[in-house]
Amino acid sequence: MALFLQRLVDGLAEGSIYALLALGLVIIYRGTGHLNFAQGEMALFSTYTVYQFGEWGVPIGIAVLLGMCVGFVLGAATEVVLVRPISKKSPFAVFIVTIGMFQLLNWLDGAIWGGQQLPSTAMGSKQVKFPSLFPSNPDDYFTVFGAAITWRSFCILALVLVIGAVLYLLFNYTKLGLAMRAVASNSESAKLVGIRTSTVLMFSWGIAAAIGALGGVVFAGLTTNVNQSLMFQVFIYASAAATLGGFDSPGGAVVGGLSIGVIQNLAAGYADEWVGQEMKVGVAFLVILAVLLLRPSGLFGTSKVERV
Amino acid sequence: MTLLRTQGLTAGYGPLTVLEGIDIEVNEGEIVVMLGANGAGKTTTMRAISGVMPRQGIIEYEGRAIQKASPDAIVRGGIAQVPQGRGTFPELSVADNMRAGAYVRRDSAASVQADLEKWFEVFPRLAERHAQRAGSLSGGEQQMLAIARALMSRPKLLLCDEPSMGLAPLITQELFHVIERLNRDEGLSVLLVEQNANLAMHMASRVYLLETGRIVASGSAAELGADDTIRKAYLGF
C-alpha cells in the first residue's frame, strides 16, 4: 500500500509535466486546428532563459515568471509572424512551419548556450544545478499511510491543478475566454459577432507557450539540468496525453497527462521483470491505443454532433 | 433616411468574381428582401457588407464609407449578421452564444445581462434551454438563437442570410413573424436574402432581384409580383 501510494504520487508528478505541455497543445489546437510541433522546443528555449536569469542572480521564482513571459512573447510572435500569413495559404503548411520552428529553436539553443548539459562548472556556470521551484532535498518528504511522499512531487501535482483551475476560470468566466471558445467553435461566426479572431489566436499561442515554459522549468528542476534534448520525450508524451484526453479538451489534457505518468510508473514499478524502465513507454501507448479504439475522439474530446 | 447604400459593390473568391457591381439601398425602418437562386451571390453580398471577405466598391453606412472597415468595427457601428446555416457556436451553451453576441459592447455586464433576459422573454424556448449546448437545439431553435445572438450587439441593421434554409414552412413563418415584430416594435432595419420568395415578399418594403452577381430588377413586392416572368421564376405560380 505504501509503495503503491509512493509510485502513484511520483507518477502523478511526472504526468503533471506532460499535462502542462499537453494543455499548450490543446489550447492551440482548439483555436486553429494546428498541431504545434514546436511546443516542446518553445518550452525548452524559455527554460534556457530561466537558466540564464539564474546565472544573472535572479531568484528562481522571479526567473520562472520572466521565463513564462519570454514564452508568451515567443508564442505570440510565432503566431503573428509565421502561422498567420501561412495558414491563409495552406493549413498543412503550418504543420511544416512548426517543424521548422522545432529545428530552428533547437539550433538557436545550441548556438547561444552550447551543446553541454547546463549548469556545468566546466562551462563556467555559477549555479550548481538547475534550480527546483520546490523543496527537493532527500529529506523533504512527508508520510501518509506509511508512504514517503516527496514535497516536490506533491507541489508539482498541486501546481498543475492550480494551472488547470486558472485556465478553467479564464475559459469560462472571462471575456477573453468566451472569445477563445467562440473562435474554437466557429471562427466565421466569431468574426461576425465582432471578435478579432487574429488577436485571440495570438493570445492562445502566447498562453500555450507560457504554460509550456512552466512545464519545461519544472522538468529541468527534476532532472537538475537543461540540455538540447530535454524536451524530445516530454513532447511525445504530451502529444500522447492530448490524444488520450481528447485534442479539444483542456481537462482531458490534464487527465491524459496524469494517466500516462501514473500508468508508466505503476507498470515499471510492479512489472519491472518484463516492463522495466525501458519499456514503460510501450505500456502507456498500449493503453492509449485501447482507449482510442473505443473512443476515437479521446476520453473527453467532443465528436462533432449537431442537429440540423 | 438611407441607412445602408452600396455602389458598384464587387466581391469574389480568388480569381472568381461573384458580385459584379451591385447597387442597393436600405432605408431606416425598412425590411428589404433580396431574392436570388443558388449561386446568385446572396451570401457573398452579406459577407462583403459585414467585412469578412475582400471587396471593392463603395459601402456607405449612416453616410460613412465602411468598405475598408474591419468586421468588429462594422458590428460596433450597428450592423449584425445572422449567418447562413445558422452559424451558432455549437459547443457553447445557449446563454454563452448570446453573451458572445454582446462581445463588442463596452457597457456593463449588468446591462448585457438585462438584454439577455429581455431576449429570453421574446424567445422563451431559448430561455428553457439556456444551459444546453447550442448544437443540441433543433434547426428552428438554432435559427432563433442566431437572431437573438445578433440582437445582443444592439444593431440598427440586421442582415439575415437565408433564415428559412432547411426549416419547415411553419417554422419559417414563425421566424418571419419574429423578424416583422422586431422591425415594427424595435425599429430594426432588415436586409434579408432569400431563395424562398413567397413568405419573404409578404413582409418586404422593397425587393431586389439578384441574378449571377447583378441586380436585375427592383421595386415594391407588388410591382415585382405583377411581373409575369419574375412571378413564374421566383414565386412559382
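For A:PHE142, the criteria (1) in a strand (DSSP E or B); (2) at pLDDT below 85 hold in every case but one, which is (2).
Of the set (1) surrounded by 23 or more Cβ atoms within 10 Å (Cβ to Cβ); (2) more than 19 Å from B:LEU209 (Cβ to Cβ); (3) more than 13 Å from every other protein chain (Cβ to nearest Cβ), all apply to B:LEU158 but (3). Residues that are among the aliphatic types (A, V, I, L, M) and more than 19 Å from the chain's Cα centre (by Cα) do occur in the stretch A:87-95.
To keep it simple, each residue is scored yes or no on (1) in contact with an Asp or Glu (Cβ under 8 Å, 6 or more places away or on another chain); (2) closer than 19 Å to B:ALA148 by Cβ.
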position	(1), (2)
A:PHE171	no, no
A:THR174	no, no
A:LEU178	yes, yes
A:ASN186	no, yes
A:SER189	no, yes
A:GLY194	yes, yes
A:SER198	no, no
A:PHE203	no, no
A:ILE211	no, no
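Among residues of the stretch A:288-308 that are more than 14 Å from chain B (Cβ to nearest Cβ), those with a Cβ under 8 angstrom from a residue that is outside any helix (DSSP H, G or I) and at pLDDT below 80, sequence gap 6+ or separate chain, pair up as A:PRO296/A:SER303.
When the stretch B:49-70 is filtered for residues that are in a strand (DSSP E or B), within 11 Å of B:ALA11 (Cβ to Cβ) and either touching a helix residue (DSSP H, G or I) at 6+ places or on another chain (Cβ under 8 Å) or within 12 Å of chain A (Cβ to nearest Cβ) (or both), the ones remaining, listed by number, are B:ARG55, B:ILE59.
Checked against (1) within 23 Å of B:ALA221 (Cα to Cα); (2) surrounded by fewer than 23 Cβ atoms within 10 Å (Cβ to Cβ); (3) touching a helix residue (DSSP H, G or I) at 6+ places or on another chain (Cβ under 7 Å), B:VAL193 meets all criteria but (2).
Does A:PHE154 qualify as being of a type in the set (Phe, Trp, Tyr) and either within 14 Å of chain B (Cβ to nearest Cβ) or in contact (Cβ under 8 Å) with a residue 60 or more places away in the chain (or both)? The answer is yes for A:PHE154. Taken over the stretch B:81-107, the criterion of being more than 7 Å from every other protein chain (Cβ to nearest Cβ) and in a helix (DSSP H, G or I) is satisfied by B:VAL94, B:ALA95, B:ASN97, B:MET98. Looking across the stretch B:77-101, the residues that are surrounded by fewer than 24 Cβ atoms within 10 Å (Cβ to Cβ) and free of Cβ contacts under 8 Å to residues at least 60 places away in the same chain come down to B:GLY77, B:GLY87, B:PRO90, B:GLU91, B:LEU92, B:SER93, B:ALA95, B:ASP96, B:ARG99. Of the set (1) closer than 23 Å to A:THR302 by Cα; (2) within 14 Å of chain A (Cβ to nearest Cβ); (3) not aliphatic (A, V, I, L, M), all apply to B:HIS130 but (2). Any residue at all in the stretch A:72-85 that's exposed (fewer than 14 other Cβ atoms within 10 Å of the Cβ) and not hydrophobic (A, V, I, L, M, F, W, C)? Checked against the condition, which is being exposed (fewer than 14 other Cβ atoms within 10 Å of the Cβ) and not hydrophobic (A, V, I, L, M, F, W, C), the stretch A:72-85 yields at least one hit. Could we say that B:LYS42 is under 22 Å from A:SER187 (Cα atoms), free of Cβ contacts under 8 Å to residues at least 40 places away in the same chain and away from every other protein chain (no Cβ under 14 Å) here? For B:LYS42, the condition - under 22 Å from A:SER187 (Cα atoms), free of Cβ contacts under 8 Å to residues at least 40 places away in the same chain and away from every other protein chain (no Cβ under 14 Å) - is not met.
Residues in the stretch A:185-210 that are more than 14 Å from every other protein chain (Cβ to nearest Cβ) and within 24 Å of B:PHE89 (Cβ to Cβ): A:LEU201, A:MET202, A:PHE203, A:SER204, A:TRP205, A:GLY206, A:ILE207, A:ALA208. B:ALA114 meets each of the listed conditions (1) in contact (Cβ under 8 Å) with a residue 60 or more places away in the chain; (2) over 19 Å from A:LYS191 (Cβ atoms) apart from (1).
For B:ALA73, the conditions (1) more than 7 Å from every other protein chain (Cβ to nearest Cβ); (2) out of contact with any helix residue (DSSP H, G or I) (no Cβ under 6 Å at 6 or more places or on another chain); (3) part of a loop (DSSP other than H, G, I, E, B) all hold with the exception of (3). Could you tell me which numbered condition A:ASN137 fails, if it satisfies all but one of (1) assigned to a loop (DSSP other than H, G, I, E, B); (2) surrounded by 21 or more Cβ atoms within 10 Å (Cβ to Cβ)? Here A:ASN137 clears every test but (2). Quick one: would you say B:GLN56 is over 15 Å from B:VAL190 (Cα atoms) and either buried (at least 24 other Cβ atoms within 10 Å of the Cβ) or touching a residue at least 40 places away in the same chain (Cβ under 8 Å) (or both)? When the stated conditions are applied, B:GLN56 passes them. The requirement of being small (Gly, Ala, Ser) and within 23 Å of B:ASP72 (Cβ to Cβ) is fulfilled nowhere in the stretch B:167-183; no residue meets it.
B:ALA80: under 21 Å from B:LEU145 (Cα atoms) and of a type in the set (Gly, Ala, Ser), yes or no? Taking the combined requirement at face value, the residue satisfies it.
The values are calculated or read from the model by the stated rules, or taken from the named source; none is laboratory data. On a predicted model such as this, the values are computed, not experimentally measured, just so you know. Cβ sites come from the backbone with ideal geometry, for glycine too, and all protein chains shown count toward neighbours.
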